[in-house]
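A short reminder: the numbers here are calculations on the coordinates, not readings from a lab. Because the structure is a prediction, the values reported are computed rather than measured. Positions of Cβ are backbone-derived with ideal geometry, glycine not excepted, and every protein chain shown enters the neighbour counts.
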Amino acid sequence: MTDFYQLKVLEVKKETADATSIAFDVPLALYKTFNYKPGQYLTLKFNIGGEEVRRSYSLCSSPALEEPLRIGVKRVKDGLVSNYINDNIKVGDLVDVMLPNGRFFAELKKDNYKTYYLFAAGSGITPILSILKTVLLTEERSFVHMLYGNRSQDSILFNEELEKLQKEYADRFILVHTLSRPKSNWSDLWLSGKKDKIHRKGRVDTLAIEWFINEYPPYAQNTEYYICGPGTMIENTKKALQDIDVPNERIFIESFGGVTSSDVTEGIDNASLVAQLNGETIKTTISNGKTILRTLIDAGKNPPYSCEGGVCSTCMCKLKSGKVHMKNNLGLDKSEVDKGYILSCQSIPLTEKIEVIYE
Amino acid sequence: MHELPVDAYTSQEWFNLEQEHIFSKTWQFAGLVEDVANAGDYISVQAGLNNIFIVKGKDNRLRAFHNMCRHRGTQLLRAVGKGKKAITCPYHDWTYNLEGKLVSIPKKEEEFPDLCNKELHDCGLNLHEASVDIFKGMLFVHPEKDAPNIMEFFGEVEPYLGPHIPEELIEYQEKKDGAFYTKEINANWKIIVENYIDQYHLAHLHEDTLNMYDHAKAEFGWAGPHYYFFEPLVPEYLADVKNASPYPLMDKMPEDKMGAYVPWLFPNIGITESESAWNTFHAIPLAPDRTLVVIRSKTMNVSEWEYTKQYTKSMSSKVWQNIGNKGKYEGDASDPMASGNFMEEDVYACEQQQKSLSSPLFSVGAQAKNGEFAVRKFQSVVKEWVEKYRDND
Ligand SMILES: Cc1cc2nc3c(=O)[nH]c(=O)nc-3n(C[C@H](O)[C@H](O)[C@H](O)COP(=O)(O)OP(=O)(O)OC[C@H]3O[C@@H](n4cnc5c(N)ncnc54)[C@H](O)[C@@H]3O)c2cc1C
Ligand code: FES
Ligand SMILES: [Fe+2]
């Protein structure tokens with residue numbers, strides 16, 4: 001599952017000032033292997049400054065369309081890979097890519113009759129766009145109600161494509177933009193030029209969500225709610241939905257990681273690490289600030305991982321002794337944590353001695 | 001020639017079979033979307049053997065549950081109501097939230113010490129879930145939690161329905177909270193359905209009451225287990241329809257589609273979608289020889305003044321001097337056949353037919369190839385549903 005395939009970059013498209021989309025060419029022989037569900041992501045591997053790094057990027061293309069695999073990458077301030085991709089990737093490059101993966105996806109069926117509520121903010125649009133297109137295309141009777149938050153009109157990713165979908169599927173697709181800092185005259189422009197365009201000022205927050213669901217109640221009563229966005233957007237949206245009694249089993253979330261800025265926990269310097277990995281017992285030291293995963297990679301080992309963001313849980317291992325702090329945990333549920341499982345890509349030592357086993 | 005035995009229309013045994021195998025296994029009409037308008041609003045309906053209530057959550061999604069307390073089975077909610085925050089059984093005050101989860105039992109520790117050591121909602125005593133969905137502005141319930149989706153049931157007939165958007169219309173009510181028409185008819189429910197889908201009788205029983213429609217141009221057929229029907233206005237009415245129509249015309253109805261769409265959705269809900277009104281016709285079996293018919297009627301959402309103007313124009317239109325103005329027989333208006341009212345004519349025909357079923361000499365002598373084809377088809381669908389399950393039992 002953690003094998004990499006070299007895919008050729010087919011197209012590089014600047015989507016906004018700070019985001020680029022990359023399309024990959026999948027050779028015919030790999031078509032089936034690279035099949036995916038709308039909402040899943042690819043993991044890319046690069047070697048930047050002598051260091052191997054991996055990052056996950058959600059597919060924004062639709063498996064129901066004859067279109068190449070595409071990801072959208074938004075620059076993160078001081079971010080290593082997102083800026084590398086935006087600055088350096090060009091058509092024809094070969095990139096190491098893992099097979100599509102992820103538990104955030106919509107299981108679609110032609111005969112389904114559902115209402116999908118999609119909540120996206122910023123670059124969180126990528127998996128949502130894939131779900132959106134695939135629903136409209138495969139489920140002829142289902143409805144999509146989507147609320148998409150951005151800073152201003154300039155930062156709306158895939159705006160053109162969304163507008164096209166709105167026209168084509170006007171009877172089943174409602175899209176409302178909400179902008180936290182709309183350009184002053186934008187709303188007027190919006191209203192005069194394109195009459196039935198709907199927008200709102202503000203973020204995707206409790207008020208916006210309640211307003212949206214009251215304004216656009218479901219017609220098909222089998223509803224599902226998909227959420228993807230940065231920072232606290234996911235948590236807030238989920239909370240807002242729970243507050244109006246949306247059952248948890250109908251809510252699906254995807255987080256892109258990113259450490260919460262409030263986390264200032266520091267690890268112990270030079271703790272000793274004993275790790276059992278692929279039948280080998282590795283003894284080494286965790287130097288200043290590093291995670292268990294990075295320590296092992298830097299020691300020339302091959303621990304399993306993909307997102308390095310605390311999301312995918314590929315890097316999961318079991319803590320046999322010692323204590324660690326996870327900077328971010330979006331991959332493991334409480335019962336797994338209680339059993340001693342940790343995400344090694346997020347774990348820094350809190351005790352002098354750490355012992356883990358990759359099962 | 002006749003797909004069903006006479007028994008099917010007269011015996012308690014057949015009535016029970018249908019209740020169990022048809023009305024408890026299909027999507028059942030439960031009302032109109034506006035009946036459950038706001039969070040906390042609810043209605044309850046009898047759907048075959050099941051009493052089911054629908055309640056709207058704060059998330060604007062409808063939920064359906066079997067209307068039966070998990071303690072001793074008492075019915076929880078009566079008829080209709082608003083603003084529910086929790087559901088409490090009148091008998092012992094067991095309380096459920098709007099998700100159907102059990103949230104409190106009076107004297108739980110004393111009286112039910114061994115019930116279960118988990119949270120109440122994990123004790124397996126939550127309300128039984130049912131399904132609810134919306135089709136063409138109508139609410140439907142299904143007794144199963146994971147019912148086949150409603151569009152799998154109605155999808156095939158949908159393209160044959162009228163262009164009306166019932167959600168945009170308003171209900172015509174003579175008295176508050178009362179349906180437009182309610183009547184207990186002394187006939188088996190299938191007699192009433194067969195009358196509804198019988199194209200052959202239109203030009204005869206209703207020769208002077210429904211002659212504003214062009215029966216010769218009727219298009220009808222079968223889609224899934226459902227019947228569809230359309231007939232245009234007669235040219236004379238069409239030419240002056242803007243004036244002659246009794247109510248303001250449907251705005252969603254293009255001139256070339258002007259007419260009456262009269263589908264029957266299996267098993268027991270008809271819709272009558274005309275140039276100026278949109279009606280549901282719900283046939284509820286009460287006994288082998290008794291059926292309650294409830295008609296709800298919706299018309300354009302425009303001002304009283306528009307209605308008054310239209311009425312005045314309609315009254316003075318010449319169209320009604322020649323058509324739709326008298327009964328089949330001459331006589332006193334209290335005689336249904338002289339009433340000039342097509343509903344009364346139909347009720348009369350149905351009740352007379354039901355009476356004859358008890359005659360030892362009763363039989364159906366012949367069936368019209370086209371005009372009564374739907375009658376035979378409907379009978380075969382009923383038979384199929386009953387037999388499908390009877391064989392498996
Ligand atoms: C399942 C999954 C799907 C993803 N899909 C997409 C996608 O479709 N498009 C996309 O642009 N990104 C996506 N990401 C995020 C992406 O994988 C990287 O985390 C992101 O590009 C930042 O990497 P970097 O190397 O540039 O930043 P780093 O060098 O890793 O981090 C630099 C700084 O930015 C912070 N940071 C890291 N990630 C984020 C973030 N997401 N938001 C804000 N601050 C952050 C870090 O804490 C650090 O302080 C996805 C992540 C996951 C786990
Ligand atoms: S590599 Fe994805 S959670 Fe650690
Ligand atoms: Fe009739």
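When the expected Rg is taken as 2.2 N^0.38 Å, what fraction or multiple of it is the alpha-carbon Rg of segment B:245-393?
Against the empirical 2.2 N^0.38 Å value, I get 1.33 for segment B:245-393.
Could you pull out the pairs from B:Lys58/B:Lys101; A:Lys290/A:Lys318; A:Lys37/B:Lys58; B:Lys217/B:Lys355 whose alpha carbons sit more than 26 Å apart here?
Pairs exceeding the cut-off: A:Lys37/B:Lys58; B:Lys217/B:Lys355.
What is the sum of charges around A:Tyr31, taking Lys and Arg as +1, Asp and Glu as -1, for the other residues whose C-beta is under 13 Å from the C-beta of A:Tyr31?
-2
Return P(r) of segment B:74-170 (all Cα-Cα pairs; 10 Å bins starting at 0; whole %; ordered from short to long distances).
12, 32, 26, 18, 9, 3, 0
Considering the options A:Ile348, A:Gly300, A:Ser335, tell which one lies farthest towards the positive end of the dipole of segment A:225-359, charges being +1 on Lys and Arg and -1 on Asp and Glu at the Cβ, about the Cα centre.
After comparing all options, I get A:Gly300.
Return a whole-number percent for the relative contact order of chain B, with Cα pairs under 8 Å and 6 or more residues apart as the contact set.
This gives 18 percent for chain B.
Using the basic label-point model (7 angstrom from Cα toward the beta carbon), what is the A:Ser321 to A:Ser335 distance in nanometres?
Using points 7 Å along Cα→Cβ, the separation is 3.0 nm.
Estimate the FRET efficiency between B:Tyr307 and B:Glu13 by the formula 1/(1 + (r/R0)^6), using the beta-carbon distance for r and 51 Å for R0, to the nearest 0.05.
Efficiency, rounded to the nearest 0.05: 0.55.
Tell me, what does the Kirkwood hydrodynamic radius of chain B come to in angstroms if you use every pair of distinct C-alpha atoms?
Final number for the Kirkwood radius of chain B is 23.0 Å.
So what's segment A:202-332 giving for Cα Rg divided by 2.2 N^0.38 Å, two decimals?
1.42
So if R0 is 22 Å, what FRET efficiency would B:Leu292 and B:Lys176 give, r being the distance between their Cβ atoms, rounded to the nearest 0.05?
0.65
Dividing the convex hull volume of the alpha carbon atoms of segment B:335-393 by its residue count, what do you get in Å³ per residue?
So the per-residue Cα hull volume is 144 Å³.
What is the spin-label model distance, in nm, from B:Ala216 to A:Glu160 if the labels are put 7 Å beyond Cα along the C-beta direction?
5.8 nm
Need one number: nm distance between label points at A:Asp263 and B:Lys183, each 7 Å from Cα along Cα→Cβ, rounded to one decimal.
7.2 nm
Segment B:305-393: which trypsin sites (Lys or Arg not before Pro) are DSSP loop and have at most 16 other beta-carbon atoms within 10 angstrom?
Answer in residue order: B:Lys318, B:Lys326, B:Lys369.
Compute, for the protein assembly as shown, the length of the dipole vector about the Cα centre, with Cβ point charges of +1 (Lys, Arg) and -1 (Asp, Glu) only. Units Debye, rounded to 20.
2440 debye
Enumerate the whole-percent occupancy of each 10 Å bin, from 0 to the last occupied one, for all C-alpha pair distances of the protein assembly as shown.
Percent of Cα pairs in each bin: 2, 11, 18, 19, 17, 14, 9, 5, 3, 1, 0.
With springs connecting C-alpha atoms under 10 Å apart, model chain B as a Gaussian network and identify which of B:Glu156, B:Glu344, B:Glu330 has the largest mean-square fluctuation.
Taking springs between Cα atoms under 10 Å, the residue moving most is B:Glu330.
What residues from segment B:336-358 fall in the zone where the backbone N is under 16 Å from a label point 7 Å along the Cα-to-C-beta line of B:Gln321?
The answer is none, because no backbone nitrogen lies closer than 16 Å to the label point.
Just tell me how shielded A:241-249 is by partners: mean number of partner chain Cβ atoms within 10 Å of each residue's Cβ, no decimals.
3
Which residue fluctuates most in the GNM of chain B (Cα springs below 10 Å): B:Ser359, B:Ser245, B:Ser317?
B:Ser359
Write down Rg/Rh for chain A, rounded to two decimals, with Rg from the C-alpha atoms and Rh from the Kirkwood relation over Cα pairs.
0.99
GNM, chain B, Cα, under 10 Å: largest mean-square fluctuation among B:Ile197, B:Ile52, B:Ile170?
Ranking B:Ile197, B:Ile52, B:Ile170 by mean-square fluctuation puts B:Ile170 first.
If a cysteine in chain B has no other Cys Cβ under 4.7 Å from its own Cβ, put it on the list, ordered by number.
B:Cys350
State the antiparallel share, in %, of DSSP beta bridges confined to the protein assembly as shown, rounding to the nearest 5.
The antiparallel fraction comes to roughly 75 percent.
Which GluC sites (Glu not before Pro) in segment A:1-102 pass both tests, a DSSP loop state and at most 14 other beta-carbon atoms within 10 Å?
When the GluC sites (Glu not before Pro) of segment A:1-102 are filtered for loop state and at most 14 Cβ neighbours within 10 Å, A:Glu66 remain.
Can you figure out the FRET efficiency of B:Lys369 with B:Ala37, using R₀ = 45 Å and their beta-carbon distance, to the nearest 0.05?
With a Förster radius of 45 Å, E is 0.45.
Calculate, in whole percent, how much of the Cα-Cα pair population of segment A:4-98 lies beyond 23 Å.
18 percent
How big is the dipole moment of chain B about its Cα centre under a simple scheme where the beta carbon of each Lys and Arg is +1, that of each Asp and Glu is -1, and everything else is neutral? Debye, nearest 20, please.
Using Cβ point charges on Lys, Arg, Asp and Glu, chain B gives about 780 debye.
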